[in-house]
Amino acid sequence: MTMTPTVKAILDNYESDNPGVKANLARILMQGKLGGTGKLIILPVDQGFEHGPARSFSVNAPAYDPHYHFQMAIDAGLSAFAAPLGMIEAGAATFAGQIPTILKVNSSNSWSTGANQALTGGVDDALRLGCSAIGFTIYPGSDDCFELMEEIKELSAEAKSVGIATVIWSYPRGGDLPKSGELALDVGAYAAHMAALLGAHIIKVKLPSDHIEQKDAKKAYEGFDGSTQAKRVAHVRQACFNGRRIVVFSGGAAKGADAVYQDARDIRDGGGNGSIIGRNTFQRERGEALAMLEKLVRIYKNEE
Amino acid sequence: MTMTPTVKAILDNYESDNPGVKANLARILMQGKLGGTGKLIILPVDQGFEHGPARSFSVNAPAYDPHYHFQMAIDAGLSAFAAPLGMIEAGAATFAGQIPTILKVNSSNSWSTGANQALTGGVDDALRLGCSAIGFTIYPGSDDCFELMEEIKELSAEAKSVGIATVIWSYPRGGDLPKSGELALDVGAYAAHMAALLGAHIIKVKLPSDHIEQKDAKKAYEGFDGSTQAKRVAHVRQACFNGRRIVVFSGGAAKGADAVYQDARDIRDGGGNGSIIGRNTFQRERGEALAMLEKLVRIYKNEE
Amino acid sequence: MTMTPTVKAILDNYESDNPGVKANLARILMQGKLGGTGKLIILPVDQGFEHGPARSFSVNAPAYDPHYHFQMAIDAGLSAFAAPLGMIEAGAATFAGQIPTILKVNSSNSWSTGANQALTGGVDDALRLGCSAIGFTIYPGSDDCFELMEEIKELSAEAKSVGIATVIWSYPRGGDLPKSGELALDVGAYAAHMAALLGAHIIKVKLPSDHIEQKDAKKAYEGFDGSTQAKRVAHVRQACFNGRRIVVFSGGAAKGADAVYQDARDIRDGGGNGSIIGRNTFQRERGEALAMLEKLVRIYKNEE
Amino acid sequence: MTMTPTVKAILDNYESDNPGVKANLARILMQGKLGGTGKLIILPVDQGFEHGPARSFSVNAPAYDPHYHFQMAIDAGLSAFAAPLGMIEAGAATFAGQIPTILKVNSSNSWSTGANQALTGGVDDALRLGCSAIGFTIYPGSDDCFELMEEIKELSAEAKSVGIATVIWSYPRGGDLPKSGELALDVGAYAAHMAALLGAHIIKVKLPSDHIEQKDAKKAYEGFDGSTQAKRVAHVRQACFNGRRIVVFSGGAAKGADAVYQDARDIRDGGGNGSIIGRNTFQRERGEALAMLEKLVRIYKNEE
Amino acid sequence: MTMTPTVKAILDNYESDNPGVKANLARILMQGKLGGTGKLIILPVDQGFEHGPARSFSVNAPAYDPHYHFQMAIDAGLSAFAAPLGMIEAGAATFAGQIPTILKVNSSNSWSTGANQALTGGVDDALRLGCSAIGFTIYPGSDDCFELMEEIKELSAEAKSVGIATVIWSYPRGGDLPKSGELALDVGAYAAHMAALLGAHIIKVKLPSDHIEQKDAKKAYEGFDGSTQAKRVAHVRQACFNGRRIVVFSGGAAKGADAVYQDARDIRDGGGNGSIIGRNTFQRERGEALAMLEKLVRIYKNEE
């Protein structure tokens, strides 16, 4: 497939990166059914780490098999597949060269009490497994986050030097931030901006609500129209260096297909780059999931 | 532009530094409209990290784009542009060689509760991005600051060995120091002095009030006339090894242009080296900001 | 000085380099009287190593002092000053930030019998001395060159990672290559091309004659019009990735000013980027040298 | 100056140290007006870090300039000058070779609440700045001190391997030790002994009172005559391996000249090696300070 | 001893060096009877390595003992003592701090056939032994010298970073250079210049004859008056960056005292910095040697 002007323009925004990083970003952006459009859908399967296998896969038992997810991402024509070390190791050879992979290098679990994660993979792993990027979660919201930030500083510098891209999951949590504020618009935009400042190539945040959480930020949002999800997406995109960094949105917990489609339309209309969609994919029966992903692709291609 | 005797005299004060550090200091001091005068204006854009993107940029939306700030620093003829990793990465190639950059290597955010910061960049980053200096914040005022001091000790030694200069933001905060005392004259002079003792080449502090906070220091200020801001600036300059180290002052929150101009006149009259002026720049419409910076330049050149 | 479109276009050719390298190339290309034109004149003073001090400097005794050359490069508005370690050390602090320097990191001497050089400086030296580039000589023409190529491979990789540019002096010599063939057009173009392939940012070769030395190459030059020096320069430029790499030409031994001027006109007309001119500078009395360099500047600016 | 038997005998006590350490100790012991006597006066200027610049220097404004202190130590014929990193950097080249320097590598400040200090310099800094020794403060008296002891263990081992001497400031503080006990004789002797056991070459403690603080120690001091300061000094000297380690005493806060002289006489008569005298020096007008130091020299030379 | 303007001016020439290197150069320049004059006499005792012990010491048997030489350098008031590792180790503790030492880190011997030397010491040795400088011999004159140059490049960079100075013995030898040419004026000046370009702080060469060896250099010496040894010394000094680097001359084989005195007068009158005088010292009976050195001191002080 020939490079498109749209993707070329996106790559040009990564002006400080070496061609290795650019090639890996290009691989993701030129992959699958959305290849060349500047839009992307990533399949993340780290739910097993976060919530345990049964909560993740019992509803669709074939999903216990890592190959299931590789194959799903390929068959659905997605842009990349993201997972923790063991799951990538379980399929990286079989599917080598068929789908860009993102090695999720830190992970939490349901039993951990603080807003932190364990390092569970490294840049060396990403290289030996042929991954295009590392993925890393930060929890902005408390001083505990400083440790996470310092870890991604080290990992990202190492990754950049060897041509691996960096994806940051930025999830506000902890400290003085109430649970109710985690999805606030101001909080989400701030979280996205921090990921950008930390040097992420691709930023992953949650779709924000229209709530403004921080007292000090209320004034900045006076007169701001956040009434539609598309407008809120557009604001988060602003916070990602006015669109100079790729931003994708997670859909959250499994929900009805129509809600998933509406989210995608809003992301598209607000200028976001796409979806990172896990549970809503693998917690559906395979045929159903493929159909849903096909429809999402058509939405991102402005065909629906 | 030929080296001026004024700048040469300043460089001579850095007598233990290698020519690499001196060249980077010279680049800053010979840059832009104040080049050669020994005065400098630095544009810092780390507000997005500290206060979030909306509070920083919503009032002047083009400022969401990192290139906006690089271009502003260049067009206004400023001395240097300071920002965290991601923002420098987003423009360092486009503007390579056009404006000295300072990589802010630690960062706080609105949600952190202690007086601390996360390391978010390193000397290797500064080299690959062509930066002239690293910037680092310390919070003198509590034992937490020891960790920050030990971090800058390591970073600064590494930077000096490879010809990169060090800028220390010294902001008293935390511990037993009440909020009301953070801007006190004795506290500001002390903070500046600690930065000098830590080996900073350029020291950044806030403009102090005439309040004396520390009980033990009151006697030392008996008979001291701190009635004008210029006199207080002169005292802070004393605390910076009697002028052997460059000291610049921040203007604080956005405020009226006249107040900004008066600050600059006081800095100049007190023998300070200049301003580091962020929000007062990018939270104004571009034309207005350029006009304000032009006037500041004229003030520092003794033309107003 | 604002970046010019011409220089911007040149920098864009170095698309795999980090912003640090670009900034150092920009410093050279924006320096002095030719700043912004895409043309450059470099003053190299390694003759003392190559031919001894008396043969180099006795005709103009002030040139025994390293400061003489720094000052000459500055006063004449040249683009950069290149010299071995000791000479850079002798002036790097006094002239810090006033002229980009190129640390010549290998050196030969009149008494060495093979086509080789000794490593006499390193990338760490370049950093501590504030140099913009390292300079390195290769002698394509015999297997001895493999060792030199392997050295520059290591040095250049290290330099690129820390933002230092690489200049390669490519002088065919040794092996089966007869003295008579060293200046041949095919040989010079080949030497330039090897430097480009080795990853040089700036390539320095000698002005070639119209002789074709290699029997195997004769066919390739059938029908090629190398009758004028400008056409031969254009061919060497072709060999430097069709102009994607900066190429400068040395003037060889001291000669009459008119010959120097004609060389410059030919380099300009053939699309070369400029001159590296040592003996023809410092073996003239200072006033005479300044006048000559001023005229060369005017030639490169198309004013003569 | 020829080595004296007195100094030779002192050096012989450092029987496990390499010649590099011995040479640096010899430099201090052979320097200035007391050179060769086995007595020494050290000028420490870390008060700015500990108490802030105004409390330290406002009473004698020229003392804001680091060069003032270097020059004072030289002109008064003192044995060494001790200061934190930035202050040494500010004068180390100008005064290179004129006065042995001691790099104070940890520092506290008035705002820190615990009995700890921040590392603010290292052995590499000491080497590049030409220092003869590193200086380090421990606060025996609480578990916090274990961290300090472990730091000096590392630093001192590194310093000894490269020929740099170690000076330990041993100040009992923190834990269960009441403020009232910090100057107790048993406490001071204990602090000195711990410094000796930690491997210090030069030990700095405060002049002790005749109070015995530790209940458990009272029995050991039964029958001990600590009625005169000289006798107490002699006891501290005992605690420093019976004189096998150099011990110097600090004079504490600025006080009347006669009290300073009496302290010196007592140190001398008790067999102490000298004074480390900061505030009592630089908080006097220069002429007055020089006269006082001259008199102290005469006291240590048994001339008064 | 107070720093003199003469020594200060010499130190200022080492503008790229850190205060550590400057302090060690200052120690040499302020030592002994010539301290402060800018002149120096160094006692080198590496003859045992080069020629064997009997050829070196049998004429004056006490010289078999390393302490003899340390004591001689001290008693004669010389500037420094240079020797290989074992000899420095044999006296470094006894004479610590009494005389600056130069650790000769490479050595040849009578049985080696090529123009090369073995590395026999390192910078770590210099530090643990308290040496002020390392000494290193190069043999310019053949490709074998490239290896030596690369060794001193590494050693000198390491030494400079830890504050140790570098002395280069530059002895033309080997390759196509006939024995008869080794002392030629053009050859000696060239050898001195190469040492300067390699970054030496102190250059040691032999006193040159008025012979011009290199055919290519003859023209450069046309009209040059090398008829007196003082004029030839002045020319070598020119080759050492026009006096920006210290140059000392060896006296060669043992010879009559009057010839030694005349050499010193010529070195002085030609602007050389002094003598490095081994065999002519220790191959004389001690009293005689002391008298000769005393007279040399008087010559360098312009008293004879």
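Read-outs: derived from the displayed coordinates by stated rules, not from any lab. Only a predicted model underlies this, so the values are computations on that prediction, with no experimental measurement involved. Cβ: placed from backbone, ideal geometry, glycine included. Neighbour counts: every protein chain shown.
From the residues B:Pro172, B:Ser227, B:Gly122, which one has its Cα farthest along the dipole of segment B:120-279 in the positive direction, the dipole being from +1 and -1 charges on Cβ of Lys/Arg and Asp/Glu about the Cα centre?
Positive-end residue among those listed: B:Ser227.
Can you give me the pair-distance distribution of segment E:1-117, C-alpha pairs, 10 Å bins, whole percents?
So the P(r) values, bin by bin, are 13, 37, 31, 16, 2.
Among the GluC sites (Glu not before Pro) within segment C:193-288, which fall in a DSSP loop and have no more than 15 other Cβ atoms within 10 Å of their own Cβ?
When the GluC sites (Glu not before Pro) of segment C:193-288 are filtered for loop state and at most 15 Cβ neighbours within 10 Å, C:Glu222, C:Glu285 remain.
Tell me the label-point distance for the pair E:Ala230, D:Asp12, using the 7 Å Cα-to-Cβ offset, in nm and rounded to one decimal.
It works out to 5.0 nm between the two label points.
Other chains' Cβ within 10 Å of C:106-117 residues: what's the mean?
Going residue by residue through C:106-117 and averaging, the value is 6.
Which of E:Pro178, E:Pro84, E:Pro62 ends up with the largest GNM mean-square fluctuation for chain E, with Cα atoms connected below 10 Å?
Looking only at E:Pro178, E:Pro84, E:Pro62, the biggest GNM fluctuation is shown by E:Pro178.
When averaged across all projection directions, what area in nm² does the alpha-carbon convex hull of the protein assembly as shown cover?
Projected area, direction-averaged: 59.8 nm².
What is the mean number of Cβ atoms from other protein chains located within 10 Å of the Cβ atom of each residue in peptide D:156-168, rounded to a whole number?
2
Within segment E:220-304, report the trypsin sites (Lys or Arg not before Pro) that DSSP leaves as loop and that have at most 16 other Cβ atoms within 10 Å.
Here the trypsin sites (Lys or Arg not before Pro) that fit, given the DSSP loop and packing criteria, are E:Lys255, E:Lys301.
In debye, nearest 20, what is the charge dipole magnitude of the protein assembly as shown about its Cα centre with +1 on Lys and Arg Cβ and -1 on Asp and Glu Cβ, if you could check?
Magnitude of the dipole: close to 2380 debye.
I'd like the Kirkwood hydrodynamic radius of segment B:184-238, using the inverse of the mean 1/r over distinct C-alpha pairs, in Å.
11.4
How well do other chains shield peptide E:294-300, expressed as the mean number of their Cβ atoms within 10 Å of each residue Cβ?
0
Where a ≥ b ≥ c are the square roots of the eigenvalues of the C-alpha gyration tensor, would you call segment A:62-146 rounded, which needs a/c under 1.5, or, failing that, prolate if a/b is larger than b/c, or oblate?
Prolate.
Over segment C:94-218, what is the relative contact order in whole percent, taking alpha-carbon pairs under 8 Å and six or more residues apart?
Relative contact order of segment C:94-218: 21 percent.
Dipole magnitude of segment A:164-304 about its Cα centre, charges +1 at Lys/Arg Cβ and -1 at Asp/Glu Cβ only, in debye to the nearest 20?
Dipole of segment A:164-304, to the nearest 20 debye: 300 debye.
Assuming a ≥ b ≥ c are the square roots of the Cα gyration tensor eigenvalues, decide whether chain A counts as rounded (a/c under 1.5), prolate (otherwise, with a/b larger than b/c) or oblate.
Here chain A falls in the rounded category.
What are the DSSP H helices in chain B that stretch 20 Å or more along their long axis, judged by alpha-carbon atoms, and whose average Kyte-Doolittle hydropathy comes to at least 0.0?
B:286-300
May I ask you to derive the relative contact order of chain A, considering only C-alpha pairs under 8 Å and at least 6 residues apart, and to give it as an integer percent?
Relative CO of chain A lands at 17 percent.
Hey, how much of the P(r) for segment B:103-173 falls beyond 20 Å, as a percent of Cα pairs?
Roughly 26 percent, rounded to a whole number.
Rg and Dmax of segment E:174-304 over Cα atoms: what are they, in angstrom?
15.0, 48
Run the simple label-point estimate for E:Ala118 and C:Ala259 please: 7 Å along Cα→C-beta, distance reported in nm.
Inter-label distance under the simple model: 5.1 nm.
Which far-off residues, 5 or more places away or on another chain, put their amide H under 5 Å from the one on C:Lys204, with H placed in the peptide plane?
C:Ile168, C:Trp169, C:Ser170, C:Val248
Quick check on chain C: of the DSSP beta bridges with both residues there, what percent are antiparallel, nearest 5%?
5
When the helices in chain D are scored as -39500 (n - 2.57) per DSSP H run of 4 or longer and the sum is shared across all residues, what 222 nm value do you end up with, to the nearest 500 deg cm²/dmol?
-12000 deg cm²/dmol
Compute for segment C:1-66: radius of gyration divided by Kirkwood radius, i.e. Rg/Rh, restricted to C-alpha atoms, rounded to two decimals.
1.18
So, in nm, how far is label A:Asp176 from label A:Ala291 when the simple model puts each one 7 Å beyond its Cα toward the Cβ?
5.0
For segment C:1-147, with only Lys/Arg (+1) and Asp/Glu (-1) charged at the beta-carbon, what is the dipole magnitude about the Cα centre, in debye rounded to 20?
Numbers: 8 positive and 13 negative charges, 114 e Å.
It works out to roughly 540 debye.
If contacts are Cα pairs under 8 angstrom and at least 6 residues apart, what is the relative contact order of segment D:215-288 in percent?
Values: 69 pairs, mean separation 25.9, N = 74.
Result for segment D:215-288 is 35 percent.
Could you check what % of the DSSP bridge pairs in the protein assembly as shown are antiparallel, to the nearest 5?
That works out to approximately 5 percent antiparallel.
For segment E:14-155, what proportion of DSSP beta bridges, expressed in % and rounded to the nearest 5, is antiparallel?
Percent antiparallel among DSSP bridges in segment E:14-155 is about 15.
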